[in-house]
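Shown next, in structure tokens, is the structure this report addresses.
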Amino acid sequence: MKTFLILILFFIGFSVSAQTELTHEVYFETDEFEVPPTEHNRLLIFLSKIEALDIEKISIYGFTDDRGSDSYNLVLSQDRANAIKTIFSNNEFDESIITNVDGKGKILVKLIKEEDLNKIRGLNRKVEIIVQPYNPPREIKQPEKKDITESLLNEDLKAGDKIRLENILFKTGYSVLLPESKKTLEEMADVLVEREDIYFTIQGHVCCTQYSRDAIDRKTKQRNLSLARAKYIYDYLAKKGVDKRRMKYVGMRRKFPLGGEAKYDRRVEILITYVGQSNQKN
């Protein structure tokens, strides 16, 4: 009876553990490591499902079918794994949590009917992605955030000053704000309408890409996400009444990562370019 109970507890524990792990497979054409369009779209759907998770680690394993030499298959499987990692970074996933990117070489074909051989080989030309979230999710202490509106109203600003909009955060891979940031942007717009003395450049930033590259805007499929984020803020402020002659916007790509949580690199900053005489009434 005791042995039976231990087995039950073991399987319950295994089931709970298995539920914390998410997996996805990406399939490739023969001798190719470029991700086919259909598989790319499937992968983006998977990324949208996991982007809000508190992820402990991600493992990426590449495979080939059983044809070709061992050395060829090892290189090809590694190239496939690397291609998937690149898509993760292009879509603003923190590379520090990708702990394994390995080419495993070929998968041997099991004894099957001859007519099934091509299908089985097709299923073996793949990359396996294993996502392990924290279970339970960590309690992450949020940094203390400055009141942007108070800073803009009360500080003695000068050209060259930079204001980091810490309360304005973007959805991973998009130029769309997170819901909790919309109120802050509305308050900031009201202040900037009043402070007619301030001329500024809106600088957009992205997270996690390699070699300081820009990230890909999932909406447009263009590699200009930092610019799209800056323009989103520019368009919003212009709509709220801020004179366009006082504003410019630029994309900073990933030139200036903050070094903390990835989501804080998906940001915009305001660079003061000129401060004239204020028309505010005392």
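The values are calculated or read from the model by the stated rules, or taken from the named source; none is laboratory data. The shown structure was predicted, so the numbers you read here are calculated from the model rather than taken from an experiment. Quick reminder, even Gly has a Cβ in these numbers, built from the backbone with ideal geometry, and neighbours come from all protein chains shown.
Brief remarks follow.
- Positions within the range 96-126 being assigned to a helix (DSSP H, G or I) and modelled with pLDDT of 90 or more, in sequence order: ILE97, ARG121, GLY122, LEU123, ASN124
- In the range 223-266, the residues that are touching a strand residue (DSSP E or B) at 6+ places or on another chain (Cβ under 7 Å), under 18 Å from GLU166 (Cβ atoms) and in a loop (DSSP other than H, G, I, E, B): MET252, ARG266
- Odd one out for PHE200, checked against (1) aromatic (Phe, Trp, Tyr); (2) assigned to a helix (DSSP H, G or I); (3) over 24 Å from SER96 (Cβ atoms): (2)
- Looking only at the range 229-243, residues that are touching a Lys or Arg at 6+ places or on another chain (Cβ under 8 Å) and either assigned by TED's automatic domain parsing to the domain that holds PHE88 or in contact (Cβ under 8 Å) with a residue 40 or more places away in the chain (or both) come to 1 in all.
- Residue in the range 68-85 that is under 24 Å from ARG253 (Cα atoms), exposed (fewer than 13 other Cβ atoms within 10 Å of the Cβ) and not aliphatic (A, V, I, L, M) present: no
- Restricting attention to the range 181-223, the residues being among the aromatic types (Phe, Trp, Tyr) and touching a residue at least 24 places away in the same chain (Cβ under 8 Å) number 2.
Okay, residues lined up against (1) among the charged types (D, E, K, R); (2) within 14 Å of the chain's Cα centre (by Cα); (3) surrounded by fewer than 22 Cβ atoms within 10 Å (Cβ to Cβ):
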site: GLN210; (1), (2), (3): no, yes, yes
site: ALA215; (1), (2), (3): no, yes, no
site: ARG229; (1), (2), (3): yes, yes, no
site: TYR232; (1), (2), (3): no, no, yes
site: LYS239; (1), (2), (3): yes, no, yes
site: VAL242; (1), (2), (3): no, no, no
site: VAL250; (1), (2), (3): no, no, yes
site: ARG266; (1), (2), (3): yes, yes, no
